[in-house]
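I have placed the structure first, in the form of C-alpha coordinates, so that the comments after it can refer back to it.
The values are calculated or read from the model by the stated rules, or taken from the named source; none is laboratory data. Predicted model, so just to flag it, every value in this text is computed and none were measured. Virtual Cβ from ideal backbone geometry, glycine too; neighbours counted across all protein chains shown. What goes into the accessible areas is simple: the full protein's heavy atoms, side chains included, and nothing from ligands, DNA or RNA. Shrake-Rupley method; radii C 1.70, N 1.55, O 1.52, S 1.80 Å.
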Amino acid sequence: MSKRKLDEEDSLSTGSSDSADSLGNVEDYRRAKRNRRVRFSERTVFHFPRTQGYICVPSNGGTTLGMKHKHAFVERALISDDDLSGSESDGSYDSVDSDDEHCFMPIPQKDRKDILKAAGVKKINKQEAIECMQIRYSRQICGCSCKEQCQPETCSCYLNGINCQVDRDSFPCGCTRDGCQNPHGRHEYDPITVRRHFIETVLKLRRENYLWKQDVGENNESNLQASNTVLSLSGVS
(Lines give C-alpha, C1' and ligand atoms only; values in the text may rest on other atoms or scores of the structure.)
Protein backbone atom coordinates (compact mmCIF):
# COMPACT_ATOMS: atom_id res chain seq x y z
CA MET A 1 0.00 0.00 0.00
CA SER A 2 1.39 3.41 -0.98
CA LYS A 3 2.31 6.08 1.60
CA ARG A 4 -0.19 8.51 0.06
CA LYS A 5 -3.08 6.08 0.56
CA LEU A 6 -2.01 5.45 4.15
CA ASP A 7 -1.92 9.19 4.82
CA GLU A 8 -5.38 9.61 3.33
CA GLU A 9 -6.81 6.82 5.48
CA ASP A 10 -5.16 8.26 8.60
CA SER A 11 -6.60 11.70 7.88
CA LEU A 12 -10.05 10.26 7.26
CA SER A 13 -10.00 8.20 10.44
CA THR A 14 -8.72 11.17 12.45
CA GLY A 15 -11.40 13.43 10.98
CA SER A 16 -14.17 10.93 11.64
CA SER A 17 -13.05 10.39 15.25
CA ASP A 18 -12.86 14.15 15.80
CA SER A 19 -16.35 14.55 14.37
CA ALA A 20 -17.68 11.81 16.60
CA ASP A 21 -16.09 13.44 19.65
CA SER A 22 -17.47 16.87 18.80
CA LEU A 23 -20.95 15.52 18.10
CA GLY A 24 -20.88 13.46 21.25
CA ASN A 25 -19.81 16.40 23.36
CA VAL A 26 -22.91 18.23 24.49
CA GLU A 27 -20.93 21.28 25.58
CA ASP A 28 -19.43 21.70 22.11
CA TYR A 29 -22.87 21.32 20.58
CA ARG A 30 -24.31 23.99 22.86
CA ARG A 31 -21.42 26.32 22.18
CA ALA A 32 -21.80 25.88 18.42
CA LYS A 33 -25.53 26.51 18.59
CA ARG A 34 -25.00 29.60 20.74
CA ASN A 35 -22.40 31.02 18.36
CA ARG A 36 -24.68 30.48 15.35
CA ARG A 37 -27.68 32.17 16.96
CA VAL A 38 -28.69 35.47 15.38
CA ARG A 39 -29.61 38.21 17.83
CA PHE A 40 -31.29 41.54 17.10
CA SER A 41 -31.17 44.69 19.19
CA GLU A 42 -34.25 46.40 17.76
CA ARG A 43 -37.29 45.73 15.63
CA THR A 44 -38.93 47.81 12.91
CA VAL A 45 -42.65 47.39 12.22
CA PHE A 46 -44.23 48.81 9.06
CA HIS A 47 -47.98 49.44 9.31
CA PHE A 48 -49.93 49.21 6.03
CA PRO A 49 -53.52 50.38 5.52
CA ARG A 50 -56.06 47.68 4.69
CA THR A 51 -57.51 47.45 1.16
CA GLN A 52 -59.17 44.93 -1.14
CA GLY A 53 -56.60 42.33 -2.06
CA TYR A 54 -57.01 40.83 -5.58
CA ILE A 55 -54.05 38.55 -4.79
CA CYS A 56 -55.59 35.33 -3.44
CA VAL A 57 -58.53 33.00 -3.90
CA PRO A 58 -60.56 32.36 -0.73
CA SER A 59 -62.34 29.06 -0.19
CA ASN A 60 -65.70 30.81 -0.61
CA GLY A 61 -66.89 34.10 -2.06
CA GLY A 62 -64.60 36.97 -3.00
CA THR A 63 -63.72 40.25 -1.27
CA THR A 64 -60.15 39.32 -0.41
CA LEU A 65 -58.08 41.17 2.16
CA GLY A 66 -54.92 42.97 1.17
CA MET A 67 -52.80 45.98 2.03
CA LYS A 68 -51.75 49.10 0.18
CA HIS A 69 -48.36 49.34 -1.50
CA LYS A 70 -47.12 52.16 0.74
CA HIS A 71 -47.04 51.95 4.53
CA ALA A 72 -48.79 54.52 6.71
CA PHE A 73 -46.19 54.78 9.48
CA VAL A 74 -43.16 53.01 10.94
CA GLU A 75 -42.72 51.83 14.51
CA ARG A 76 -39.27 51.13 15.98
CA ALA A 77 -38.57 49.63 19.38
CA LEU A 78 -35.61 48.14 21.22
CA ILE A 79 -35.70 44.42 21.98
CA SER A 80 -35.16 43.68 25.65
CA ASP A 81 -34.26 40.42 27.35
CA ASP A 82 -37.87 40.14 28.53
CA ASP A 83 -39.05 40.25 24.91
CA LEU A 84 -36.64 37.47 23.96
CA SER A 85 -37.67 35.25 26.85
CA GLY A 86 -41.33 35.94 26.12
CA SER A 87 -40.97 35.05 22.46
CA GLU A 88 -39.24 31.83 23.37
CA SER A 89 -42.03 30.85 25.75
CA ASP A 90 -44.69 31.76 23.20
CA GLY A 91 -42.94 29.77 20.49
CA SER A 92 -42.32 26.68 22.56
CA TYR A 93 -43.59 23.39 21.22
CA ASP A 94 -44.94 21.82 24.37
CA SER A 95 -47.45 19.77 22.42
CA VAL A 96 -47.22 18.06 19.07
CA ASP A 97 -50.79 19.17 18.39
CA SER A 98 -50.00 22.84 19.03
CA ASP A 99 -50.48 23.57 15.31
CA ASP A 100 -54.23 23.09 15.83
CA GLU A 101 -54.21 25.95 18.35
CA HIS A 102 -52.11 28.41 16.36
CA CYS A 103 -53.31 27.83 12.81
CA PHE A 104 -55.07 30.56 10.85
CA MET A 105 -58.74 29.89 10.28
CA PRO A 106 -60.54 31.12 7.13
CA ILE A 107 -62.40 34.42 7.53
CA PRO A 108 -66.01 34.35 6.26
CA GLN A 109 -66.85 36.71 3.41
CA LYS A 110 -69.19 38.82 5.57
CA ASP A 111 -66.41 39.38 8.11
CA ARG A 112 -63.99 40.33 5.32
CA LYS A 113 -66.44 42.95 4.09
CA ASP A 114 -66.82 44.34 7.61
CA ILE A 115 -63.03 44.53 7.98
CA LEU A 116 -62.68 46.47 4.74
CA LYS A 117 -65.49 48.86 5.63
CA ALA A 118 -63.95 49.47 9.06
CA ALA A 119 -60.64 50.25 7.32
CA GLY A 120 -62.31 52.95 5.20
CA VAL A 121 -62.92 51.03 1.97
CA LYS A 122 -66.15 52.60 0.69
CA LYS A 123 -66.72 50.62 -2.52
CA ILE A 124 -66.03 46.89 -2.85
CA ASN A 125 -65.44 45.54 -6.34
CA LYS A 126 -67.93 42.67 -6.82
CA GLN A 127 -66.17 41.48 -9.98
CA GLU A 128 -63.50 39.90 -7.80
CA ALA A 129 -66.03 37.41 -6.38
CA ILE A 130 -66.90 36.25 -9.92
CA GLU A 131 -63.24 35.83 -10.85
CA CYS A 132 -62.54 33.87 -7.66
CA MET A 133 -65.47 31.56 -8.40
CA GLN A 134 -64.14 30.90 -11.92
CA ILE A 135 -60.67 30.11 -10.58
CA ARG A 136 -62.04 27.72 -7.96
CA TYR A 137 -64.05 25.92 -10.63
CA SER A 138 -61.04 25.65 -12.96
CA ARG A 139 -58.99 24.08 -10.17
CA GLN A 140 -61.51 21.26 -9.93
CA ILE A 141 -60.92 20.39 -13.60
CA CYS A 142 -57.55 18.74 -13.24
CA GLY A 143 -55.96 15.33 -13.46
CA CYS A 144 -56.58 12.65 -16.04
CA SER A 145 -59.95 11.08 -16.72
CA CYS A 146 -58.54 7.55 -16.62
CA LYS A 147 -60.49 4.95 -14.68
CA GLU A 148 -58.24 2.67 -12.60
CA GLN A 149 -55.80 2.15 -15.50
CA CYS A 150 -53.71 4.77 -17.34
CA GLN A 151 -52.55 4.21 -20.92
CA PRO A 152 -49.86 6.64 -22.16
CA GLU A 153 -51.60 7.21 -25.49
CA THR A 154 -54.83 8.38 -23.80
CA CYS A 155 -53.66 9.74 -20.41
CA SER A 156 -53.90 13.54 -20.42
CA CYS A 157 -51.27 13.78 -17.66
CA TYR A 158 -48.71 11.92 -19.75
CA LEU A 159 -49.60 13.87 -22.89
CA ASN A 160 -48.92 17.10 -20.96
CA GLY A 161 -45.61 15.79 -19.64
CA ILE A 162 -46.57 15.51 -15.96
CA ASN A 163 -47.09 12.71 -13.46
CA CYS A 164 -50.46 11.55 -12.18
CA GLN A 165 -51.57 13.01 -8.86
CA VAL A 166 -53.94 11.44 -6.32
CA ASP A 167 -54.85 13.54 -3.28
CA ARG A 168 -57.80 11.40 -2.22
CA ASP A 169 -59.74 8.47 -3.65
CA SER A 170 -60.03 8.96 -7.45
CA PHE A 171 -59.18 12.68 -7.28
CA PRO A 172 -57.87 14.37 -9.26
CA CYS A 173 -56.62 11.33 -11.19
CA GLY A 174 -58.76 8.21 -11.26
CA CYS A 175 -55.97 5.69 -11.76
CA THR A 176 -54.88 3.21 -9.10
CA ARG A 177 -51.39 2.47 -7.85
CA ASP A 178 -51.18 -0.79 -9.78
CA GLY A 179 -53.10 0.37 -12.86
CA CYS A 180 -51.18 3.59 -13.62
CA GLN A 181 -48.94 3.21 -16.67
CA ASN A 182 -47.84 6.86 -16.86
CA PRO A 183 -44.07 6.82 -17.59
CA HIS A 184 -43.73 10.12 -15.70
CA GLY A 185 -44.90 8.38 -12.54
CA ARG A 186 -47.74 8.70 -10.06
CA HIS A 187 -47.71 10.65 -6.81
CA GLU A 188 -50.15 9.79 -4.02
CA TYR A 189 -50.62 12.00 -0.97
CA ASP A 190 -49.69 10.14 2.20
CA PRO A 191 -50.99 11.84 5.37
CA ILE A 192 -48.97 9.50 7.61
CA THR A 193 -45.68 10.61 6.02
CA VAL A 194 -46.67 14.28 6.33
CA ARG A 195 -47.61 13.81 9.98
CA ARG A 196 -44.37 11.97 10.72
CA HIS A 197 -42.35 14.80 9.18
CA PHE A 198 -44.24 17.34 11.30
CA ILE A 199 -43.60 15.41 14.52
CA GLU A 200 -39.89 15.06 13.75
CA THR A 201 -39.63 18.79 13.08
CA VAL A 202 -41.44 19.66 16.32
CA LEU A 203 -39.20 17.36 18.36
CA LYS A 204 -36.10 18.89 16.81
CA LEU A 205 -37.26 22.43 17.60
CA ARG A 206 -38.22 21.39 21.12
CA ARG A 207 -34.74 19.97 21.72
CA GLU A 208 -33.04 23.11 20.41
CA ASN A 209 -35.30 25.27 22.57
CA TYR A 210 -34.43 23.16 25.63
CA LEU A 211 -30.69 23.49 24.99
CA TRP A 212 -31.03 27.23 24.45
CA LYS A 213 -32.85 27.65 27.78
CA GLN A 214 -30.11 25.67 29.50
CA ASP A 215 -27.48 27.97 27.97
CA VAL A 216 -29.38 31.04 29.14
CA GLY A 217 -29.69 29.60 32.65
CA GLU A 218 -25.98 28.79 32.81
CA ASN A 219 -25.03 32.27 31.57
CA ASN A 220 -27.28 33.92 34.16
CA GLU A 221 -25.80 31.76 36.89
CA SER A 222 -22.26 32.64 35.78
CA ASN A 223 -23.10 36.34 35.76
CA LEU A 224 -24.60 36.04 39.25
CA GLN A 225 -21.52 34.29 40.58
CA ALA A 226 -19.29 36.95 39.02
CA SER A 227 -21.36 39.70 40.62
CA ASN A 228 -21.18 38.01 44.02
CA THR A 229 -17.41 37.68 43.66
CA VAL A 230 -17.07 41.38 42.87
CA LEU A 231 -19.23 42.30 45.85
CA SER A 232 -17.26 40.09 48.21
CA LEU A 233 -13.97 41.54 46.98
CA SER A 234 -15.34 45.03 47.42
CA GLY A 235 -16.32 44.18 50.99
CA VAL A 236 -12.84 42.86 51.77
CA SER A 237 -11.13 45.95 50.39
Worksheet entry | Mean shadow area of region 100-153 over all directions, Cα convex hull, nm² | 7.6 nm²
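Once the convex hull of the C-alpha atoms of region 125-196 is built, how many Å³ does it hold per residue, rounded to a whole number? Could the numbers behind the result be given before it?
Values: hull volume 8.7 nm³, N = 72.
Value for region 125-196: 121 Å³ per residue.
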Worksheet item: Just how large is the dipole of region 115-217 about the Cα centre, in debye to the nearest 20, putting +1 at every Lys and Arg Cβ and -1 at every Asp and Glu Cβ?
Response: 700 debye
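Could you sort 156-163, 202-209 so that the peptide with the highest average Cβ count within 10 Å comes first and the rest follow in order? Mind dumping the intermediate values first?
Details: 156-163: 15.0, 202-209: 13.5.
Packing proxy ranking, top to bottom: 156-163, 202-209.
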Response to the item:
In the structure shown, of Lys110/Lys147; Lys68/Lys126; Lys70/Lys213; Lys70/Lys126; Lys70/Lys110; Lys70/Lys113, the pairs separated by more than 30 angstrom at the C-alpha atoms are Lys110/Lys147; Lys70/Lys213
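Would you rank Phe73, Phe40, Phe48, Phe104 by solvent-accessible area, highest first, keeping every protein chain in place and using a 1.4 Å probe? Please list the in-between numbers first.
Details: Phe73 110, Phe40 140, Phe48 80, Phe104 200 Å².
Heavy-atom accessible area, descending, gives Phe104, Phe40, Phe73, Phe48.
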Item to complete: For every other residue with a beta carbon closer than 13 angstrom to the beta carbon of Glu148, add +1 if it is Lys or Arg and -1 if Asp or Glu, then tell me the sum.
Response: +1
